[in-house]
Number of protein chains: 4
Amino acid sequence: MKVDKTRLEFLKKDAVQGFTRTIGLVPVSLNPGKFVTRVKLVRRLCQQDGFAHAGLIAAMADHTAGYASYSLISEANRILTVEFKVSYLKPASGDFLECKAWVIKPGRQILFTEAEVYSIKGTVKTLIAKAMHTMASVPREKIGAKKA
Amino acid sequence: MKVDKTRLEFLKKDAVQGFTRTIGLVPVSLNPGKFVTRVKLVRRLCQQDGFAHAGLIAAMADHTAGYASYSLISEANRILTVEFKVSYLKPASGDFLECKAWVIKPGRQILFTEAEVYSIKGTVKTLIAKAMHTMASVPREKIGAKKA
Amino acid sequence: MKVDKTRLEFLKKDAVQGFTRTIGLVPVSLNPGKFVTRVKLVRRLCQQDGFAHAGLIAAMADHTAGYASYSLISEANRILTVEFKVSYLKPASGDFLECKAWVIKPGRQILFTEAEVYSIKGTVKTLIAKAMHTMASVPREKIGAKKA
Amino acid sequence: MKVDKTRLEFLKKDAVQGFTRTIGLVPVSLNPGKFVTRVKLVRRLCQQDGFAHAGLIAAMADHTAGYASYSLISEANRILTVEFKVSYLKPASGDFLECKAWVIKPGRQILFTEAEVYSIKGTVKTLIAKAMHTMASVPREKIGAKKA
């Protein structure tokens, strides 16, 4: 499927609103089926011991995988997360989190994605979490969503 | 294992800081191995179509299950999420989200938990997500955490 | 949805063929959206340390959840597993494994299920694994399946 | 960690017994942290529509990831599956299934692994499932296992 540059630019902006604005998500690059994002690791995103909150990491992976999926579907459709699983390889701290997500199996109704989350401290990049998602592509009207 | 009332009160307060303060998590009740929390569903916690963000729901379930686990372990230890899986039964909107999490198998090093997330709109309560987690109980010193 | 008794009887028999015959799966009871099965725990189903193989437990949970789903869908459709997650609460031994699976959220295209697996030794029944699945209900023709 | 050639040869043989003999698992190659296996896709391993049973695929991925983990731990320890998640990208048929599993994060107590399962039909190889596992390395005595 050919993906329009204007569409990619639109989605990259669209990815930041509501909850992702709250967590300070920054889109880095969006290519068909592949999205990279960053989050500055500040205290208000951490858990009780000063590590990045598992929930933040999960949210980042989910959203990055969601918009990676978005880039492959019809504009008439929206993406909803069906389910995901995330494994935390080590406690995460550092300056930034970076998430790379990609579609491993596209589909008209169901897309499967993976995401890796890295912590970045100076020049050191460490894989700290890995996730797998099932995404649903649903007609906009079906969920009462406005055109976007 | 007997759990001290003072300990439960401490954990209930401790549960809200950093990221959980950011998402407005409100502890409802904490009993040994069982925790209930709420989040007011405001725009800044939602995704692009106005539903509760999947990442928010995951974070809520993770944290509620984490502190349900906390109530069963030694004060010398801390809880870290090893991994979890969450299924989204339907798109969530409403006034509040409520999460109920419980330990299904305690253990000295590994605890297994489940969590259900409900949307609450007026008097209607709907199950919108279900999660299963693996939690690790690790000695405080091992992760360099301060006494709490 | 009303489920015909004849249909339930058919599905209960249909559940044992190919791989499930190989593992000696025995249907215990099938009700709309709920299936119970058993497997006799013999050496050829165990792993290197004499416990029930994790793969056997996963297979049993998957199949039991699959036919629990089958009982709720149109006869024109078939069930395929989209994905699942299973947690092993403790190593399993004993005389039998018993699996109880149920649909937690039916749907026209997607069904969510849960399954619990118990080991049974004499009169002692122990929960040893828990699983969550996403099932797809797909038109028979779409996967080239014969009428059943 | 250096892994002895004799140890690898032992594990490659040890991998086939009980349940894995029942499903006809064939070890292809075992290197430190990486295992490849095959299964001939015969009728008695399939489900009702003639596809490879989801449970078979899960079992194969679990076992291959388990012995990939085995190759990295102390001989005094055994591997038990803590949990896993598997996604089915498409219905699987063909002559063989091939599974490739690798450790993505080793550890003294917990190892994280991934596995890919391919169907092979003549010269065509198709990715049909992907799994992520959490494995526990436990002292032999703790689970009452004999020396191996």
Scanning segment C:130-139 for residues that are touching a residue at least 60 places away in the same chain (Cβ under 8 Å), more than 13 Å from the chain's Cα centre (by Cα) and open to solvent by less than 50 Å² (accessible area, probe 1.4 Å), the one farthest from C:H53 (Cα to Cα) turns out to be C:V138
How many residues of segment C:51-102 are small (G, A, S), more than 14 Å from the chain's Cα centre (by Cα) and closer than 22 Å to A:H133 by Cα? The answer is 1
Check your understanding: What do you reckon, is C:T113 modelled with pLDDT of 95 or more and within 14 Å of B:K85 (Cβ to Cβ)?
Key -> yes
The residue from D:S74, D:S69 that alone is assigned to a loop (DSSP other than H, G, I, E, B), more than 9 Å from chain C (Cβ to nearest Cβ) and either under 27 Å from B:T81 (Cβ atoms) or of a type in the set (F, W, Y) (or both) is D:S74
Counting only residues in segment B:24-43 that are without any contact (Cβ under 8 Å) to a residue 24 or more places away in the chain and of a type in the set (V, I, T), the one least open to solvent (accessible area, probe 1.4 Å) is identified as B:V42
Taking segment D:1-28 and the residues there that are in contact with a Lys or Arg (Cβ under 8 Å, 6 or more places away or on another chain) and assigned to a loop (DSSP other than H, G, I, E, B), the one that is nearest to D:V42 (Cα to Cα) would be D:G24
Item to complete: Would you confirm whether any residue within segment C:12-23 is within 13 Å of the chain's Cα centre (by Cα), modelled with pLDDT of 95 or more, buried (at least 20 other Cβ atoms within 10 Å of the Cβ) and more than 18 Å from D:H63 (Cα to Cα)?
Response: yes
Exactly one of B:L56, B:L72 is surrounded by fewer than 24 Cβ atoms within 10 Å (Cβ to Cβ), modelled with pLDDT of 95 or more and either within 24 Å of B:K13 (Cα to Cα) or touching a Leu at 6+ places or on another chain (Cβ under 9 Å) (or both), and that residue is B:L72
Note on segment B:113-129: residues more than 10 Å from every other protein chain (Cβ to nearest Cβ) and open to solvent by less than 50 Å² (accessible area, probe 1.4 Å) are B:A115, B:V117, B:Y118, B:S119, B:I120, B:T126
Only unsatisfied item for C:K90, checking (1) closer than 26 Å to C:T6 by Cβ; (2) touching a strand residue (DSSP E or B) at 6+ places or on another chain (Cβ under 6 Å), is (1)
The condition from (1) over 10 Å from the mean Cα position of the chain (by Cα); (2) modelled with pLDDT of 95 or more; (3) open to solvent by 20 Å² or more (accessible area, probe 1.4 Å) that B:K147 misses is numbered (2)
Scanning segment C:98-110 residue by residue, those assigned to a strand (DSSP E or B) and either within 10 Å of chain B (Cβ to nearest Cβ) or without any contact (Cβ under 8 Å) to a residue 40 or more places away in the chain (or both) turn out to be C:I104, C:K105, C:I110
Going through segment D:86-97 in order, the residues found to be assigned to a strand (DSSP E or B) and more than 14 Å from chain C (Cβ to nearest Cβ) are D:F96
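The values are calculated or read from the model by the stated rules, or taken from the named source; none is laboratory data. None of the values given here were measured: they were computed from a predicted structure. With ideal geometry, Cβ positions are generated from the backbone for all residues, glycine too; neighbour counts draw on all protein chains shown. Surface areas here come from the heavy atoms of the whole protein model, side chains and all, with no ligands, DNA or RNA. Shrake-Rupley method; radii C 1.70, N 1.55, O 1.52, S 1.80 Å.
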